[in-house]
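Here is the structure we will look at, set down as structure tokens.
The values are calculated or read from the model by the stated rules, or taken from the named source; none is laboratory data. What you see is a predicted model, and the numbers here were worked out from it, not measured in a lab. A quick note on method: Cβ atoms are made from the backbone with ideal geometry, for glycine too, and the neighbour counts reach across all protein chains shown.
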């Protein structure tokens with residue numbers, strides 16, 4: 001039997017209490033392994049103290065049996081790099097490097113058919129980039145996120161938009177009238193764009209959503225699942241529904257937005273998801289219904305307030321999310 005990516009964590013008010021609880025849990029785990037003839041490997045284990053505060057000068061050791069575990073400031077967990085401050089900056093730096101290498105392979109594979117080229121990006125490369133986006137998308141380092149957007153924009157130079165192909169003359173052609181021989185011309189005509197063109201304009205020309213749209217869609221769908229009790233209890237607890245009243249029949253679809261006092265809470269999924277949910281469902285209550293998620297994604301893409309929504313606010317309320325420059329108090 002071989003077990004990997006086993007995680008043991010303890011939550012407490014201080015680092016000393018957490019370390020004491022963790023040592024107690026690892027002592028029991030080591031005894032269980034010996035009884036069941038399993039061999040733990042302390043040399044392949046890591047310990048990390050996650051806290052917004054600075055770590056103590058002397059951190060007590062963590063033991064598995066008679067061996068100590070190394071303290072680290074970041075660690076790889078289920079395909080994501082978690083750091084001790086939960087800033088997700090190390091993960092985005094590694095993701096940026098990996099994304100650039102994969103785009104290099106995409107550029108070298110131009111000899112492949114166009115549909116294979118598109119599937120390679122959408123089903124392999126882009127899916128690996130957006131993995132865990134709901135977590136690392138809240139990274140406060142906006143420059144890193146924009147650098148990923150620029151890489152996403154580079155990929156548009158190798159792809160053909162599926163919805164609006166072009167003829168040789170450059171006029172839009174409906175998908176039903178598209179001919180096989182015209183697809184090659186579309187690849188040459190659409191993406192012959194200047195290097196100084198803005199990333200947003202390139203993505204609009206290629207009919208590709210930005211990574212920020214993917215991020216908002218992931219948050220909204222997660223809260224849609226939680227709203228209909230389709231997630232584990234620990235994630236359903238992220239949302240708090242407002243109680244229905246006789247004065248408003250729309251209140252029951254709104255969520256209570258948690259108040260924040262720190263940047264950490266402001267960038268959390270619980271806060272951003274509640275604000276986004278109220279902002280979108282305030283103008284389109286049909287999105288609260290139990291519908292297939294493919295239809296939900298298509299509906300979100302067609303909503304102007306969803307595409308234009310941003311999280312640049314200072315405080316929160318649950319009503320009237322209509323103006324981008326409105327300060328919620």
*Looking at region 8-44, which of its residues are touching a strand residue (DSSP E or B) at 6+ places or on another chain (Cβ under 7 Å) and not assigned by TED's automatic domain parsing to the domain that holds residue 58?*
none
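Output the residue which, of all residues in region 252-272 that are surrounded by fewer than 16 Cβ atoms within 10 Å (Cβ to Cβ) and out of contact with any strand residue (DSSP E or B) (no Cβ under 9 Å at 6 or more places or on another chain), is farthest from residue 87 (Cα to Cα). Steps first, answer last, please.
Within region 252-272, the subset surrounded by fewer than 16 Cβ atoms within 10 Å (Cβ to Cβ) is 252, 256, 259, 261-265.
Within this subset, residues satisfying the condition of being out of contact with any strand residue (DSSP E or B) (no Cβ under 9 Å at 6 or more places or on another chain) are 259, 261-265.
On the way: 259: 20, 261: 17, 262: 14, 263: 11, 264: 9, 265: 12 Å.
This residue is 259.
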*Residues of region 31-53 being in a helix (DSSP H, G or I) and under 31 Å from the mean Cα position of the chain (by Cα), which ones?*
44
*Of all residues in region 54-97, how many are within 23 Å of residue 265 (Cα to Cα), assigned to a strand (DSSP E or B) and in contact with a helix residue (DSSP H, G or I) (Cβ under 8 Å, 6 or more places away or on another chain)?*
5
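The rows are residues; the columns are (1) out of contact with any strand residue (DSSP E or B) (no Cβ under 9 Å at 6 or more places or on another chain); (2) assigned by TED's automatic domain parsing to the domain that holds residue 29; (3) more than 25 Å from residue 149 (Cβ to Cβ); (4) buried (at least 16 other Cβ atoms within 10 Å of the Cβ).
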{"position": "78", "(1), (2), (3), (4)": "yes, no, no, no"}
{"position": "95", "(1), (2), (3), (4)": "no, no, no, yes"}
{"position": "107", "(1), (2), (3), (4)": "yes, no, no, no"}
{"position": "113", "(1), (2), (3), (4)": "yes, no, yes, no"}
{"position": "127", "(1), (2), (3), (4)": "yes, no, no, no"}
*Failed condition for residue 102, given (1) at pLDDT below 90; (2) more than 30 Å from residue 138 (Cα to Cα), with all others met?*
(2)
